[in-house]
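Notes to accompany the following structure.
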Amino acid sequence: MKKTRNDFKSLVGYQIYPKSFKDSNADGMGDISGIIEKLPYLSDLGIDFIWLNPLYKSPQVDGGYDISDFYQVDQMFGTLDDLKKLIKEAHALGIKLIMDLVINHTSDQHPWFLESKKSKDNPYRDYYHWEDAEPDKMPNDWKSFFGGSTWTYDDQTGQAYFHVFAKEQPDLNWKNPKLREEIYQMIRWWLDLGIDGFRLDAISHIQKEDWSFEIKGPHGNDPWEPFMNVRGIEEYMLKIKEIFDDYGALTVGEASGVTSKAARSWTGSKGYIDMIFELEHNAKEENNPNNKIDLKVYKETIIRWQEDLSEEGWNALYIENHDNPRSIDVFGDGSLQSAKALAVHYMLLRGTPFIYQGQEIGMTNFPFENINQFEAPESRNYYEALLKEGLDPKDSLTRVAVVSRDNSRTPMQWTNQLEAGFTSAKPWFPLNPNYREINVAENEHDPKSLLSLYKKLISLKHERKEISEGSIEFYDRENPQIFSYKRSHEGRELLVLVNLSATPTSTSFNDFEGFKELTLDQTGLKPLSSKMDLDPFEYRLYER
Ligand code: ISL
């Protein structure tokens, strides 16, 4: 059944990192059957669709984003039949299911690459990017997101191959029409299997500048510019869009380098995908060693993306994902109140909100003690780079720990029982010791819990057109502590007032007549007036 283009505007998504969600067969790893077990929990939460991080066959160098077979479910997660069962049971509960579409690169263990590297005239050679090189002289000086060069020298053929991420993730050559057709066929295959759409991974990198493109240095373009939404990508995206439209697929793009203005053409009525994640606010600043969010910069970014996509285009909203530390540590002060303020401030913005597993119960960063506990290549490479800069091991570990994506990959905390009810075996990654206090069971029956608040926010999103479709207007823009905005639709208005800081603040209104407070779980009533004083992480809602 073809989807109408805008029925995604009232939806709420839930992101599952399968490895850490629920283990059903006592091997210490999350799996598909474990997700099936937890569908009733997700249905009760009220979410509309699930985004599954990669389940494909993979050597797991980069959390499954190094795919060695696009058509196979990795046995650590189960079988294709398990996935078909998950699709069926999710649909039976009215929950859609989207998969990660990783088409910028494959694993270096993918048969295409194993063939490609064999010889210069191998039929698969041009499925990837190969250029003449010498062991210590690469085709250019471009830098990988994971540190080091984007080139790895291959002795066998005296050439180097290109990779935006880890050397185990060679980039696909999208200039090759044969490769493109292989990818288009694979996309159709998954949609024919019955999934409802995709999250497009690193999609803005599939087109590269000419290798001679010069990185102009710190005051010129940024080091990633040679592979950020480069001209010519439109041709590929329009073809992919054709396929999505054939199936009415629900699509969200992770498209780093697509600006808030360019996002209108990526997601608007003539866009390639339904919605897009802005990635600007995750930027790790060197001069911000504890990785606490700069509220002024964050607020400016969010307001710009909201206003640039207010007429044309659509935001995918999030405060957590599998690539970033936990929001309560980055944005909050570790308190429940800060987690609640975070929930309210983003869930009611204009866009489709995503909740990352564990965010809804206030899971926190992990207390890392040594570098061997980190799994992500980006974390390990960063540690080595800091040591090379002369930082001592202890400070290097601290710097890595506050920015590491490994924080969000610890097993989901279901109960206060052994291994938090995630597994009955030794978990692949240790549980955060605070699972005894922070877990689903603890939240589920407490009307003042974070989980209960998320359920109310999701219901509001479903019930109120001023939230799903309404316009948005921001107030007190210069006050970095305050997130204050009004959603309006056909005469109904909802005013959202959040102090996103750990210190008291105040804000003023001139148009406050006629608003009535909308209670979620706030303590006592606070009528709207011309001047509003807000406690740390206090939030208030008003309607008229
Ligand atoms: O621009 C970037 C550098 O910060 C990033 O936004 C980059 O585009 C992003 O890291 C891509 O992430 C995705 O692809 C990676 C994988 O490691 C991540 O987990 C995934 O979210 C490679 O597949």
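The values are calculated or read from the model by the stated rules, or taken from the named source; none is laboratory data. Nothing here was measured: the structure is a model prediction, and the numbers come from that model. Cβ atoms come from the backbone with ideal geometry, glycine included; neighbour counts cover every protein chain shown. Each accessible area value is taken on the protein alone, full model and side chains, heavy atoms only, with ligands, DNA and RNA left out. Shrake-Rupley method; radii C 1.70, N 1.55, O 1.52, S 1.80 Å.
Structure summary
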| read-out | value |
| --- | --- |
| Residue match in the stretch 228-235 (condition: open to solvent by less than 10 Å² (accessible area, probe 1.4 Å) and closer than 22 Å to Lys175 by Cβ) | yes |
| Residue count, the stretch 70-109 (criterion: open to solvent by 10 Å² or more (accessible area, probe 1.4 Å) and either within 16 Å of the ligand (Cβ to nearest atom) or part of a loop (DSSP other than H, G, I, E, B) (or both)) | 9 |
| Residue match in the stretch 211-225 (condition: under 22 Å from Asp171 (Cα atoms), outside any strand (DSSP E or B) and open to solvent by less than 10 Å² (accessible area, probe 1.4 Å)) | no |
| Matching residues in the stretch 123-153 - criterion: being in contact (Cβ under 8 Å) with a residue 12 or more places away in the chain and part of a strand (DSSP E or B) | Tyr128, Trp130, Glu131, Asp132, Glu134, Lys143, Trp151, Thr152, Tyr153 |
| Condition met for Asp82 (at pLDDT 95 or above and acidic (Asp, Glu)) | yes |
| Positions within the stretch 403-417 being open to solvent by 10 Å² or more (accessible area, probe 1.4 Å) and within 16 Å of the ligand (Cβ to nearest atom), in sequence order | Val403, Arg405 |
| All positions within the stretch 500-544 that are in contact (Cβ under 8 Å) with a residue 60 or more places away in the chain and in a loop (DSSP other than H, G, I, E, B) | Leu500, Ser501, Ala502, Leu520, Asp521, Pro536, Phe537, Glu538 |
| Residue among Glu311, Glu307 that is surrounded by fewer than 18 Cβ atoms within 10 Å (Cβ to Cβ), at pLDDT 95 or above and either under 28 Å from Lys9 (Cβ atoms) or in contact with a strand residue (DSSP E or B) (Cβ under 9 Å, 6 or more places away or on another chain) (or both) | Glu307 |
| Where a residue in the stretch 380-404 is closer than 13 Å to Asn365 by Cβ and its partner, wherever it lies, is exposed (fewer than 12 other Cβ atoms within 10 Å of the Cβ) and polar (S, T, N, Q), with Cβ under 6 Å and at least six apart | Val402/Asn290 |
| Among (1) at pLDDT below 95; (2) within 16 Å of the ligand (Cβ to nearest atom) - the single one Arg399 does not satisfy | (2) |
| Residue list for the stretch 316-345, restricted to those being in a strand (DSSP E or B) and within 16 Å of the ligand (Cβ to nearest atom) | Ala316 |
| Filtered residues of the stretch 228-284 (kept if more than 16 Å from the ligand (Cβ to nearest atom), in contact (Cβ under 8 Å) with a residue 40 or more places away in the chain and under 15 Å from Ile206 (Cα atoms)) | Tyr236, Lys239, Ile240 |
| Members of the stretch 129-164 that are open to solvent by 50 Å² or more (accessible area, probe 1.4 Å) and either within 16 Å of the ligand (Cβ to nearest atom) or under 17 Å from Lys118 (Cα atoms) (or both) | Glu131, Asp132, Lys143, Tyr153, Asp155, Gln156 |
| Residues located in the stretch 226-259, provided they are in contact with a strand residue (DSSP E or B) (Cβ under 6 Å, 6 or more places away or on another chain), among the aliphatic types (A, V, I, L, M) and assigned to a helix (DSSP H, G or I) | none |
| Residue satisfying all of: in the stretch 167-182; part of a loop (DSSP other than H, G, I, E, B) and open to solvent by less than 10 Å² (accessible area, probe 1.4 Å); farthest from the ligand (Cβ to nearest atom) among these | Trp174 |
| Whichever residue in the stretch 200-223 is polar (S, T, N, Q) and out of contact with any Gly (no Cβ under 6 Å at 6 or more places or on another chain) and, among such residues, is modelled with the highest pLDDT | Ser212 |
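Residues checked against (1) farther than 27 Å from Asp27 by Cα; (2) outside any loop (DSSP other than H, G, I, E, B); (3) out of contact with any Gly (no Cβ under 7 Å at 6 or more places or on another chain):
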residue	(1), (2), (3)
Ile438	no, no, no
Ala441	no, yes, yes
Leu457	yes, yes, yes
Asn479	yes, no, yes
Val498	yes, yes, yes
